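Take a look at the structure set out below.
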Protein chains: 2
Amino acid sequence: MIDNAIINDGFWNSIRDTVVKEGIPYQWKALNDQIPDAEPSHCIRNFRIAAGKESGGHGGYVFQDSDVAKWIEGAAYTLRWHPDPTLEDIIDEAIETVAAAQQPDGYLDTYYIINGLDKRWTDLRDNHELYCAGHLIEAAVAYYQVTGKRRLLDVALKLVDHILDTFGTDEGRLPGYPGHPIIEMALMRLYDITHDPRHLELARYFIDQRGQSPLYFEAEGRRNGKRFFWEDSPFRYKYYQAHMPVRQQTEAVGHAVRAVYLYSGMADVARATGDGELAEACRRLWRNITRRRMYITGAIGSSEYGESFTFDYDLPNDTIYGETCAAIGMVFFARRMLRLEKKGEYADTMERALYNGVISGMQLDGKRFFYVNPLEVIPEACALDYNKRHVKPERQKWFGCACCPPNIIRLLASLENYICDTDQDALYVHLYLGGKIEAGGLSLNIETRYPWEGSVRMTVNVSYPVSRDIALRIPGWCGKGEWKISVNGASADIRVEDGYAHLNREWRDGDEIRLELALRPRVIRANPRVREDSGKAALQYGPLVYCLEEADNGPALNAVRLASHLNAVAKWEPDLLGGIVALETDGLRERLEGWETLLYAEREPEVEPIRLHWVPYYAWANRGVGEMRVWVRL
Amino acid sequence: MIDNAIINDGFWNSIRDTVVKEGIPYQWKALNDQIPDAEPSHCIRNFRIAAGKESGGHGGYVFQDSDVAKWIEGAAYTLRWHPDPTLEDIIDEAIETVAAAQQPDGYLDTYYIINGLDKRWTDLRDNHELYCAGHLIEAAVAYYQVTGKRRLLDVALKLVDHILDTFGTDEGRLPGYPGHPIIEMALMRLYDITHDPRHLELARYFIDQRGQSPLYFEAEGRRNGKRFFWEDSPFRYKYYQAHMPVRQQTEAVGHAVRAVYLYSGMADVARATGDGELAEACRRLWRNITRRRMYITGAIGSSEYGESFTFDYDLPNDTIYGETCAAIGMVFFARRMLRLEKKGEYADTMERALYNGVISGMQLDGKRFFYVNPLEVIPEACALDYNKRHVKPERQKWFGCACCPPNIIRLLASLENYICDTDQDALYVHLYLGGKIEAGGLSLNIETRYPWEGSVRMTVNVSYPVSRDIALRIPGWCGKGEWKISVNGASADIRVEDGYAHLNREWRDGDEIRLELALRPRVIRANPRVREDSGKAALQYGPLVYCLEEADNGPALNAVRLASHLNAVAKWEPDLLGGIVALETDGLRERLEGWETLLYAEREPEVEPIRLHWVPYYAWANRGVGEMRVWVRL
């Protein structure tokens, strides 16, 4: 997958440039405790201590190792589209630091190497060794794929061999599985390059062993005599998606990041094994999320408590968790469902999360990050309402638990992997980015100003005529009759299937496909069961969800309503927020005057007409602290 | 005050009868640990242990003593309007049990008597000794006023002497004050009967010493080396309203019950001393609450965190705390402001809280109680949303921290004290209840079906003509031109001042005053700054706030809207919820059909007309578990 796309895109170039210019160097410093005003990460230092090169105790979280793995992975991806020998040297150095800590038997987790190997693998529920291993594998595969260098891959393979020796249902092995999934999809990425059936089998084992009775976590908890944090919670083992075997699960529950990481691994295994039952479980969970438990931005996780899913249609905008990592996990899950079966709804959700709830996590300059991505913010409430204490009105520099910044970077740096697929039938184009796709014997040059404009021009490059489908995704946000496709200027023969428009012909060099998608401000309503969005609407323009900010519209956005005739205008604003299409609509504002001494009264608030100014949600909070809301009253 | 009213009222008789039949006997059993399926109270047992009559440790909360005091107070009041020698014997027995635990120096708090007197008065911030003393004083005054018996009053006086010896700014005394106010207003009730200036002075001392720098609680905390629960909270000493001297305070902050108990004491002292500065502080805090921090039901406390006020216009309906005790505290505060100055707004709020947020705390049969009084309930959310875990969809039998049930009982049992006032100018009628008022040389027989009907007939009983004002409150919910008053069938000469219609004449025996208030369903809107009520309206009928319940209107009440033409009808329903005026209005319901597979879409939900059925808020949750909401979409 990694070799089939080059991105050169007006929208993404600037975002990805900040990854190279800001994210990667800043985070390398952070991992090395070189940011003066931030809490130390301890991450690199832990590896040096574990390798005996430095003395001291383990610092940071029990999963701190994963930070350097995520950084290596992200940095590795950037080398592909932004070669940088100096950075490559630094990565090599980081890899040596990691490798030096590996134990003779392959084990590698600094927390237990430093604190006592006798305790390793004794707290799978809470202590993240398999999670760290998963990230290490992902980093190793990425670096190998980009550079061809095996150093970290060999470390990962040795670690996997150790895990293979340790886990399983055979006598003498631990019938356990990770409290925080990721190793499942990591092993499947490893399997993609090794084709070693043991790697597939280990992924399948972790998935199918999960939630089996008697519950491993329960027995482990008894052995440890450790308090179970979720003992009296409605969660219990749902927090870990381990309350029942995954094939029986029908609802997305518990910690949202863990959930979608698990489901991603399930989708990988279902695809690789052709396991229809597992695929069906994935579909059920997918539908439960995307039809009942996902925000319009692709954010998931309705509650800070357990950073979790709650229940159907419970989607509060102001107390949301909506962790950046969880939206990233939605992209992972969607991408894998799309590899499992080519259906537009997966790409629709992938696009939804990517253009909204994922990139909202990073400041436009790449220097600050959101952990929580709310759809409604009152700065005063963040400070004074305990239920909103996790919601921040501005992005933060770094986090003690720094999962989101390196995660967003590794996703953005590997965006090439999300654009297209091929199978025996067709070349599928999922996302419309400027650049080049090479796959299935076809090369497509793509020019577009998407998502700001709806026109996509694709030029075929072939050495000899190629006869196969080119299947273009028709976005779910685009209505019937709102798109058209021409080939070489003439209307084309099109078969629409599962959200893709298939063009079947013998492609010749220079053939030009033009896709026109109608971009216009769209008034979106939520399912009437979504309490928090009742009587409200959101504005979308193409895949982008928009919001009102105090900077443009003043405070008390709750007192603002959409006019019944919107008179909506979309306008390219090159100097606003790095260049955006801003929207304007008519609205009404309830006058606050005259209510100073009244709290409740038998009278309607007076309204005055106003012009509302909307900006893309992802770009909010780049102009100081203020109110913001996505869902606006009708 | 206690001798000037007799209640014989269609609305209140049945509610007060449950107090006598259910509340008082049930709670006496509870105090004696005789409820089989409830957590033991330990309350009476603690006193027996403290008196050396039983052995064992202290059980329950550190403020458990207050429960029996509240019960004695409530039971005492009932003797006035429902004489019961058997109950009086039980109260005497309870008083002996309490008295037996009093120490030779007057000290009386079972927690420290049992756990070690050397520690007494060392943790005023958190350990409630002065709070328990306050309740004991209130009980003693009530029992003395009703029965003339001094036994408990003498205990209280001895305790107060001990407190007088202990506290103060003089050398050798503790310059402290209670973490939980109530003793201030209790001392003022004591002062009302003793006229002992030391009692007034002690109340004033507790009020003025509060929040003085250096902060007593801070020094005390250091001495105790105890962790300060609110150390890292935005509250800190605001939780206790001790962050600054009370005369400087302008915003109602912290624990809502503590706040309004404190302000009640402040209003008492301001009245008794004529202290204009203190009165002005009371007015400021009153305005802050009633104009910015109070629910339409009179509930206060926007957040479960610290059971507290939050910030201006922050009034979430579903995560509200709205403790019954806090609404009761609002009645206390309003009553005292009304004694300070005769202004209709105080009586309006007193009525608002009483008819809505207070009595909602008790089931119609008097057997179960709400601690938290939400304005919007989704039962599923109570179970699955951590932010709403304190909100219960049905009333509970008894609470580990049983502050609310005896508190509501002592208020209902003493309702006579809230109806009227006299001063040199007039007899003021604040609340319209059937019964008899005797005050200022006038006797009024009152007949009314208020709040179900708006007609009030008052017949004057005098032995000789009396020339003075009778001042009738014109409720704030009643618009200009919506009320009229006649005397002996003829229109009367009326001077309206501060919400009261003054009738000045020489009253003769048999004079009949008729007050007609227009009762009709009123559509109430909240101040546009109240985010949670934006785009919504509430229905009021007289002083009663109404709500929609699932029992009448089906689930998904968020999908229900008010029609633009209400076609509202009020109808007496003798068999519904103990007899109520139910309201019907036109509404619209968004159809849920057709959205099964959609979460977000560019289309409006279809609506169908429905007839909405409204019941008084106080009566909600008497027909099983279901959704409820007060603020309904427009």
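The values are calculated or read from the model by the stated rules, or taken from the named source; none is laboratory data. Since the structure is predicted, the reported quantities are computational estimates derived from the model, not experimental observations. Backbone-built Cβ (ideal geometry, glycine too); neighbour counts: all protein chains shown. Note: accessible area is taken over every heavy atom of the protein model, side chains too, but ligands, DNA and RNA are not part of it. Shrake-Rupley method; radii C 1.70, N 1.55, O 1.52, S 1.80 Å.
Points to keep in mind about this one:
- Of the listed requirements (1) assigned to a helix (DSSP H, G or I); (2) surrounded by fewer than 19 Cβ atoms within 10 Å (Cβ to Cβ); (3) in contact (Cβ under 8 Å) with a residue 60 or more places away in the chain, A:Ile35 misses just one: (1).
- B:Gly434 being closer than 26 Å to B:Asn622 by Cβ, more than 14 Å from chain A (Cβ to nearest Cβ) and crowded, with 19+ Cβ neighbours inside 10 Å: yes
- Any hit, segment B:65-79, residues being part of a loop (DSSP other than H, G, I, E, B) and modelled with pLDDT of 95 or more: no
- Residue check for B:Val155: over 24 Å from B:His243 (Cβ atoms), touching a Lys or Arg at 6+ places or on another chain (Cβ under 9 Å) and of a type in the set (Val, Ile, Thr): no
- Scan segment A:239-250 for residues that are without any contact (Cβ under 8 Å) to a residue 60 or more places away in the chain and under 19 Å from A:Thr290 (Cα atoms) and the total you get is 5.
- Answer residue from segment B:359-398, given it is open to solvent by 30 Å² or more (accessible area, probe 1.4 Å) and hydrophobic (A, V, I, L, M, F, W, C) and is farthest from the other protein chains (Cβ to nearest Cβ) among those: B:Leu364
- Here A:Ile289 meets the list (1) open to solvent by 10 Å² or more (accessible area, probe 1.4 Å); (2) in a helix (DSSP H, G or I); (3) within 14 Å of another protein chain (Cβ to nearest Cβ) almost entirely, failing just condition (1).
- Looking across segment B:1-32, the residues that are open to solvent by less than 20 Å² (accessible area, probe 1.4 Å) and among the aromatic types (Phe, Trp, Tyr) come down to B:Phe11, B:Trp12.
- Answer from B:Tyr346, B:Tyr386, B:Tyr428 - the residue that is in contact (Cβ under 8 Å) with a residue 40 or more places away in the chain, among the aromatic types (Phe, Trp, Tyr) and in contact with a strand residue (DSSP E or B) (Cβ under 9 Å, 6 or more places away or on another chain): B:Tyr428
- Selected residue (only one of A:Asp498, A:Asp509 is over 26 Å from the mean Cα position of the chain (by Cα) and among the acidic types (Asp, Glu)): A:Asp509
- For A:Gly298, the conditions (1) over 11 Å from the mean Cα position of the chain (by Cα); (2) outside any helix (DSSP H, G or I) all hold with the exception of (1).
- Within segment A:96-117, considering residues that are of a type in the set (A, V, I, L, M) and in contact with a His (Cβ under 9 Å, 6 or more places away or on another chain), the one surrounded by the most Cβ atoms within 10 Å (Cβ to Cβ): A:Leu108
- The residues of segment B:583-625 that are at positive phi and away from every other protein chain (no Cβ under 14 Å), listed by number, are B:Ala621, B:Gly624.
- Tally, over segment A:72-90, of residues that are open to solvent by 10 Å² or more (accessible area, probe 1.4 Å) and within 17 Å of A:Leu31 (Cα to Cα): 4
- Residue that is open to solvent by 10 Å² or more (accessible area, probe 1.4 Å), outside any loop (DSSP other than H, G, I, E, B), without any contact (Cβ under 8 Å) to a residue 24 or more places away in the chain and charged (D, E, K, R), where the choices are A:Arg514, A:Arg468, A:Arg525, A:Arg505: A:Arg525
- Looking across segment B:557-581, the residues that are open to solvent by 10 Å² or more (accessible area, probe 1.4 Å) and either among the small types (Gly, Ala, Ser) or touching a Lys or Arg at 6+ places or on another chain (Cβ under 6 Å) (or both) come down to B:Arg561, B:Ala563, B:Ser564, B:Ala568, B:Ala570, B:Gly578.
- Filtering segment A:155-169 to residues that are touching a strand residue (DSSP E or B) at 6+ places or on another chain (Cβ under 7 Å) and among the hydrophobic types (A, V, I, L, M, F, W, C) leaves only A:Phe167.
- Scoring A:Lys29 on the criteria (1) in contact with a helix residue (DSSP H, G or I) (Cβ under 6 Å, 6 or more places away or on another chain); (2) over 22 Å from A:Ala140 (Cβ atoms) leaves a single failure, condition (1).
- Filter result (without any contact (Cβ under 8 Å) to a residue 60 or more places away in the chain and either buried (at least 21 other Cβ atoms within 10 Å of the Cβ) or within 12 Å of chain B (Cβ to nearest Cβ) (or both)) within segment A:271-286: A:Ala281, A:Cys282, A:Leu285
- In segment A:209-236, the residues that are open to solvent by 90 Å² or more (accessible area, probe 1.4 Å) and in a helix (DSSP H, G or I): A:Arg222, A:Arg223
- Residues of segment B:293-316 satisfying the condition of being at the interface with another protein chain (Cβ under 8 Å from one of its Cβ atoms) and within 19 Å of B:Trp477 (Cβ to Cβ): B:Met294, B:Ile296
- Any chance A:Arg120 is within 30 Å of A:Arg80 (Cα to Cα) and open to solvent by 50 Å² or more (accessible area, probe 1.4 Å): no
- Residues that are assigned to a strand (DSSP E or B) and either open to solvent by 80 Å² or more (accessible area, probe 1.4 Å) or closer than 11 Å to A:Gly542 by Cα (or both) within segment A:474-502 comprise A:Lys484, A:Ser491, A:Arg495, A:Val496, A:Glu497, listed in sequence order.
- Tallying residues that are in contact (Cβ under 8 Å) with a residue 60 or more places away in the chain and either open to solvent by less than 40 Å² (accessible area, probe 1.4 Å) or β-branched (Val, Ile, Thr) (or both) within segment B:38-58 yields 6.
- Condition check for B:Arg339 on (1) in contact with a His (Cβ under 6 Å, 6 or more places away or on another chain); (2) surrounded by fewer than 22 Cβ atoms within 10 Å (Cβ to Cβ): one failure, at (1).
- Filtered residue count, segment A:104-133, keeping only those that are closer than 20 Å to A:Tyr239 by Cβ, in contact with a Gly (Cβ under 9 Å, 6 or more places away or on another chain) and of a type outside the set (D, E, K, R): 5
- Of residues in segment A:528-555 being more than 12 Å from every other protein chain (Cβ to nearest Cβ) and acidic (Asp, Glu), the one least open to solvent (accessible area, probe 1.4 Å): A:Glu549
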